[in-house]
There are 2 protein chains.
Amino acid sequence: MEQLFSDGILNTPSSFIREILKVTQDEDMISFAGGLPNPISFPSKELKESTNRVILDFENKVFQYATTEGYEPLRKYIAKRYEEKYHLDFSKEDILITTGSQQALDLLGKILINKGDSLAVECPGYLGAIQAFSMYQPKFIGIDLKEDGLDTDMLESSLKQSNVKLMYTVPNFQNPTGITYSFEKRTKICEILSHHNTILVEDDPYGDLRFSGKDLPYIGAGKLPNSVLLGSISKIITPGFRLGWICTKNKDIMKQLIIAKQASDLHSNIFCQYVIYDYLTHNDVSQHIDKIKKLYKEQSIAMQKAIQMYFPKDIIYTTPQGGMFMWATLPDKQSSLSLFQRAAKHKVAFVPGDPFYTNKKNVPTFRLNYTNSDTDTIFEGIKRIAQVI
Amino acid sequence: MEQLFSDGILNTPSSFIREILKVTQDEDMISFAGGLPNPISFPSKELKESTNRVILDFENKVFQYATTEGYEPLRKYIAKRYEEKYHLDFSKEDILITTGSQQALDLLGKILINKGDSLAVECPGYLGAIQAFSMYQPKFIGIDLKEDGLDTDMLESSLKQSNVKLMYTVPNFQNPTGITYSFEKRTKICEILSHHNTILVEDDPYGDLRFSGKDLPYIGAGKLPNSVLLGSISKIITPGFRLGWICTKNKDIMKQLIIAKQASDLHSNIFCQYVIYDYLTHNDVSQHIDKIKKLYKEQSIAMQKAIQMYFPKDIIYTTPQGGMFMWATLPDKQSSLSLFQRAAKHKVAFVPGDPFYTNKKNVPTFRLNYTNSDTDTIFEGIKRIAQVI
């Protein structure tokens, strides 16, 4: 019988994390597996006020079809915020509202990738991006990630060897490792890319959640002509609204993104765009973000302390300056997948490293999320993992 | 220089309607061009109550990440509604919530279409579907649409000639023509398709808006194994929330759709899924829909009367039994695109037929929307068109 399904979907892995989440429904399971923000980051009361206000203020407009590009005041707000925080001269025309950052990845895949095109990803890298891009059947080129960002020698030689269409990075508090690119690495990568047509995608869902160290300029945003920056409200207000954005000053890319967005879902939820804009303009957002950062800092420190207390000393781990994740490495090439299976029986879960790699299997690394467990739970969970190591 | 963009996006037309809508921003322009529901269909007060109630009742859950499949009670409700109205035995496992019906089209394209696969569409057919599928570079096979549905002889011979992967239909109050498939045509098409593996997509955004005649069973839903049914809240509650769904009892198709949905936007807006479920279970929805149908019936009758009064007698037009559109045909192969340009100068707009065809240009047909103008405006607008004919 002829093949029913497309080559693209058959090339797309199911999300390993979403599979794990089903296993971790168990009430007494401690889970460091998800990437869920702590509910403290949801300003419920204020969002409720905003829903009421926008219905009162704008009536039918919040329920009608809307433009593909997104709600204009929200796009202006986002542009202005980049100007204030990073001195980037984005205007509303450079911003497209998307149905979460995940859709931004899908749209980039849609407009850029032909089957077999080379695409550089961090190794390890965000599995949602690997999943989204896989649909378009690229050839993934994994570039090793060091403590301070991509291995630039490897990047340089990869770009020379292949015509790399797109490079995907998470420069701040990377998913899955929690590492942050140093200023020097950012400068060096920008310099390397300036000699190529490769489109640099900087995905920055966690950028606002820096709880130590100083904000750094983006790698390419505002500097490279083929530069795309992704943002999201998921980690600072609510992921439930599915609202993110793509920024680029490249008019050709923006034009094609808008067509792809029309074809994909016409436009993003306009009601929630009004609500978020209202929320942003009626509340002290910095104060709200400070609250989240304070909590995540405490939780990340708790996890580091727990690891120091319970894990064998030969387990290496990262020390994040923000965001939601830590990354641990077992000694002697042990498999984290096997550890995961044993840990699950002891009622604790994490994400084994395998799905974050496009070119490796049975890796010794694993991801730990600290944002959605209190400190007692963090200590208990790390203790349980230690018992099965 | 090497081509920057994918073959898929370069094969995807920009939405002609969205281009037209920009032209029709003019205050004194009468527009029959859009496909906007009348704001009467937005139960603002009740939706406001529901937003407050779900935040009170479910707190953080409405703001957190959620399952890809969609909010379970809403999926159960949709399944039950099909059972009650059409005696279809869908269960929640057969329902996937999508970011509007437009996303359902994109997901179907993603999982089914390889470049060059044959895909049958109504001729004329819904341009949003043509746009969504174009991304995946199919070979479109246009099947002529008659007053009572597809030309079944043409369908039969097309299915024999090519291996048609997918057939897309809008059986009720079709977009753009407003026609409804007769019971006989539905039965005949189902019989023809039962001899092929072709996947039948029945897109039914307007099904609840029948203002004359009797509800008819679907063509293939509940009967054909390769059958997919699409629904939406856009035309009966609000398009602003971007919520629709795909129903299929084909487990293989559903499994791939869920993977494609994960890769595309993780899940649809969970807050609005809670709100809609709350709205549906706390209000008399039938009464609400009756109000919309009453209005649309009046408006459709007004447009027919205006056409009888002002248009030359050799212009043919359809008489819809529901939905939002009428379809008119100019005599002697005149071009509706040329009429559109002249009409715009007289401050009235409609959609020329061209973008609804995958195989024809300079057609004499055009689409008229009657749901978003009051009866006086309808008479004035039709009069203006008549003046330039």
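The values are calculated or read from the model by the stated rules, or taken from the named source; none is laboratory data. Only a predicted model underlies this, so the values are computations on that prediction, with no experimental measurement involved. FYI the Cβ positions are ideal-geometry reconstructions off the backbone, even for glycines, and counts take in every protein chain you see. Each accessible area value is taken on the protein alone, full model and side chains, heavy atoms only, with ligands, DNA and RNA left out. Shrake-Rupley method; radii C 1.70, N 1.55, O 1.52, S 1.80 Å.
Annotation note: of B:Lys291, B:Lys255, B:Lys261, B:Lys249, the sole residue that is buried (at least 23 other Cβ atoms within 10 Å of the Cβ) and either out of contact with any Gly (no Cβ under 8 Å at 6 or more places or on another chain) or at pLDDT 95 or above (or both) is B:Lys261. Residues in the stretch A:316-346 that are within 16 Å of A:Gly35 (Cβ to Cβ), in a strand (DSSP E or B) and not hydrophobic (A, V, I, L, M, F, W, C): A:Gly322 alone. Whether a residue is under 18 Å from B:Val228 (Cβ atoms), modelled with pLDDT of 95 or more and among the small types (Gly, Ala, Ser) was assessed, and B:Gly116 does not pass this test. For A:Ser101, indicate whether it is surrounded by fewer than 24 Cβ atoms within 10 Å (Cβ to Cβ), under 21 Å from the mean Cα position of the chain (by Cα) and within 12 Å of chain B (Cβ to nearest Cβ). No; evaluated as a whole, the condition is false for this residue. When we screen B:Lys188, B:Lys160, B:Lys165 for residues that are without any contact (Cβ under 8 Å) to a residue 12 or more places away in the chain and more than 30 Å from A:Tyr126 (Cβ to Cβ), the only hit is B:Lys160. Answer yes or no: is there a residue in the stretch A:305-322 that is open to solvent by less than 10 Å² (accessible area, probe 1.4 Å) and under 24 Å from A:Leu105 (Cα atoms). Yes: one or more hits.
Quick one: how many residues across the stretch B:154-171 are open to solvent by 60 Å² or more (accessible area, probe 1.4 Å) and either under 20 Å from the mean Cα position of the chain (by Cα) or within 14 Å of chain A (Cβ to nearest Cβ) (or both)? Of the residues in that region, 1 qualify. The set of residues in the stretch B:167-189 being of a type outside the set (Asp, Glu) and not in a loop (DSSP other than H, G, I, E, B) consists of B:Met167, B:Tyr168, B:Thr169, B:Phe183, B:Lys185, B:Arg186, B:Thr187, B:Lys188, B:Ile189.
Restricting attention to the stretch B:17-31, and to residues there that are modelled with pLDDT of 85 or more and assigned to a loop (DSSP other than H, G, I, E, B), which single residue is farthest from the other protein chains (Cβ to nearest Cβ)? Top of the filtered list is B:Asp28.
Within the option set A:Lys115, A:Lys110, being open to solvent by less than 10 Å² (accessible area, probe 1.4 Å), under 30 Å from B:Leu257 (Cβ atoms) and either facing chain B (nearest Cβ under 7 Å) or in contact with a helix residue (DSSP H, G or I) (Cβ under 8 Å, 6 or more places away or on another chain) (or both) holds for one residue only, A:Lys110. Take B:Gln308 and decide whether it is assigned to a helix (DSSP H, G or I), closer than 20 Å to B:Glu147 by Cβ and without any contact (Cβ under 8 Å) to a residue 40 or more places away in the chain. So B:Gln308 fits the description; yes. Beta carbons closer than 8 Å, at least 6 apart along the sequence or on distinct chains, never pair a first residue in the stretch A:194-214 that is outside the structural domain of A:Tyr181 (by TED's automatic domain parsing) with a second that is buried (at least 23 other Cβ atoms within 10 Å of the Cβ).
Residue count for the stretch B:122-141 satisfying the condition of being open to solvent by less than 10 Å² (accessible area, probe 1.4 Å) and in a strand (DSSP E or B): 2. The condition of being touching a residue at least 12 places away in the same chain (Cβ under 8 Å), farther than 15 Å from A:Ser264 by Cβ and either facing chain A (nearest Cβ under 7 Å) or among the aliphatic types (A, V, I, L, M) (or both) holds for B:Ile270. Among the numbered conditions (1) within 21 Å of the chain's Cα centre (by Cα); (2) assigned by TED's automatic domain parsing to the domain that holds B:Ser268, the only one that B:Gln64 does not meet is (1). Restricting the stretch B:80-98 to residues that are open to solvent by 10 Å² or more (accessible area, probe 1.4 Å) and not in a helix (DSSP H, G or I), the residue that is farthest from the other protein chains (Cβ to nearest Cβ) is B:His87.
Applying the selection to the stretch A:32-74, what residues are touching a Leu at 6+ places or on another chain (Cβ under 8 Å), in contact (Cβ under 8 Å) with a residue 24 or more places away in the chain, facing chain B (nearest Cβ under 7 Å) and of a type in the set (Val, Ile, Thr)? Result: A:Thr68, single match. For A:Ala79, the criteria (1) over 30 Å from A:Ile219 (Cα atoms); (2) in contact with a strand residue (DSSP E or B) (Cβ under 9 Å, 6 or more places away or on another chain) hold in every case but one, which is (1).
Looking across the stretch B:219-232, the residues that are open to solvent by less than 10 Å² (accessible area, probe 1.4 Å) and in a loop (DSSP other than H, G, I, E, B) come down to B:Ile219, B:Gly220, B:Ala221.
Within the stretch A:246-266, the set of residues being part of a loop (DSSP other than H, G, I, E, B), more than 7 Å from chain B (Cβ to nearest Cβ) and of a type outside the set (Val, Ile, Thr) comprises A:Lys249, A:Asn250. Only one entry in B:Gln137, B:Gln174 is under 17 Å from the mean Cα position of the chain (by Cα) and among the polar types (S, T, N, Q), namely B:Gln174.
Evaluating A:Arg367 against the criteria (1) open to solvent by less than 30 Å² (accessible area, probe 1.4 Å); (2) more than 26 Å from the chain's Cα centre (by Cα) leaves one unmet condition, (2).
For B:Ser300, the test of being of a type in the set (Ser, Thr, Tyr), more than 22 Å from A:Thr238 (Cα to Cα), in contact (Cβ under 8 Å) with a residue 60 or more places away in the chain and outside any loop (DSSP other than H, G, I, E, B) is passed.
Look through B:Gly207, B:Gly240 and report the one residue that is assigned to a loop (DSSP other than H, G, I, E, B) and within 14 Å of another protein chain (Cβ to nearest Cβ). Only one candidate passes the filter, namely B:Gly240.
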